[in-house]
Amino acid sequence: MRGPMNISADFTVEELSGRWRSPEAAEVFPGIFGIDDFWLHSPFWAIHFNAYQDPGCAGRLFELIIMGMFELRPPSLVTPGARDADFSRVKVCLRLFDPGLVAAADEAKSGDGNWRAGEWQDVSHGGCPPLDLPGVDECPLEYDLLGLARSRDRSADRLYFGQRHHDELGSIWTRRAPGLLDYYVTRVVGTPPAIGHGAEWGPGEWFRVTSAYSLSPQGTPAGRGAP
């Protein structure tokens, strides 16, 4: 939850440069707990996200990456302390661990329609409807918010993103995020928070997944079985 630090829209893109990771699992949807791991280096951005059934991160649900480019916009006229930010989406990869999700993704014909627990697939086109995860064909751009809470110790800086859920007004690829989330990510300085999975994630993992799992020219995901 939010601490006493002030959240500000007065920051530069240079201040965002680096890696930002959840200090603890947050309940991102009712009964679903997540670890956000954002990598920001203007104009590029990426997220590595892990989802669980419990706050202790014992029951894995799914893992995904999304990457693209981003642009800071002026301070929000609606949400105090927030700044508008637009995030393009050019690649989405996903792997599932929960048997129910594997069955649901197969039924929805997400990816190649032949899911195996723990294996990556490229879902950049079509996404994964059972997870309410759009592909880049449906959602090429997210209209988000950012708020930065500075600390004396840079490693305690907090970065807040916009609410990403659907409501009666739509989603953040049809309108601007309606407000900032209550939970945040902290700047990684040195060793990242070792909560859940992915603390060891680095350039090698980014390269392996993004290069080995892609769509073929015919639209069929390729790369199954890569190391």
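For the stretch 95-122: of the residues being open to solvent by 30 Å² or more (accessible area, probe 1.4 Å) and charged (D, E, K, R), which is nearest to the chain's Cα centre (by Cα)? Among those residues, the one meeting the criterion is ARG95. Residues in the stretch 63-76 that are assigned to a strand (DSSP E or B), touching a residue at least 60 places away in the same chain (Cβ under 8 Å) and over 12 Å from the mean Cα position of the chain (by Cα): LEU72, PRO75. On the stretch given as the stretch 1-59, residues that are assigned to a helix (DSSP H, G or I) and either open to solvent by 30 Å² or more (accessible area, probe 1.4 Å) or free of Cβ contacts under 8 Å to residues at least 12 places away in the same chain (or both) total 3. Just give me the residues in the stretch 95-122 being touching a Cys at 6+ places or on another chain (Cβ under 9 Å) and in contact (Cβ under 8 Å) with a residue 40 or more places away in the chain, in sequence order. Matches in the stretch 95-122: LEU101, GLY111, TRP120, GLN121, ASP122.
Please determine whether any residue of the stretch 145-157 is more than 17 Å from ALA51 (Cβ to Cβ), of a type in the set (A, V, I, L, M, F, W, C), open to solvent by 10 Å² or more (accessible area, probe 1.4 Å) and more than 19 Å from the chain's Cα centre (by Cα). Spell out the reasoning first.
Pass one, the stretch 145-157, residues more than 17 Å from ALA51 (Cβ to Cβ): 145-157.
So of that shortlist, the ones also of a type in the set (A, V, I, L, M, F, W, C) come out as 145-146, 148-149, 156.
The next check asks that each one be open to solvent by 10 Å² or more (accessible area, probe 1.4 Å); those that pass are 156.
From what's left, more than 19 Å from the chain's Cα centre (by Cα): 156.
Checked against the condition, which is being more than 17 Å from ALA51 (Cβ to Cβ), of a type in the set (A, V, I, L, M, F, W, C), open to solvent by 10 Å² or more (accessible area, probe 1.4 Å) and more than 19 Å from the chain's Cα centre (by Cα), the stretch 145-157 yields at least one hit.
The values are calculated or read from the model by the stated rules, or taken from the named source; none is laboratory data. These figures come from a predicted structure and were not determined experimentally. Because the Cβ atoms are built from the backbone with ideal geometry, glycine has one as well, and the counts that use them run over all protein chains shown. The protein model used for the area step is the full one, side chains on, heavy atoms only, and it has no ligands, DNA or RNA in it. Shrake-Rupley method; radii C 1.70, N 1.55, O 1.52, S 1.80 Å.
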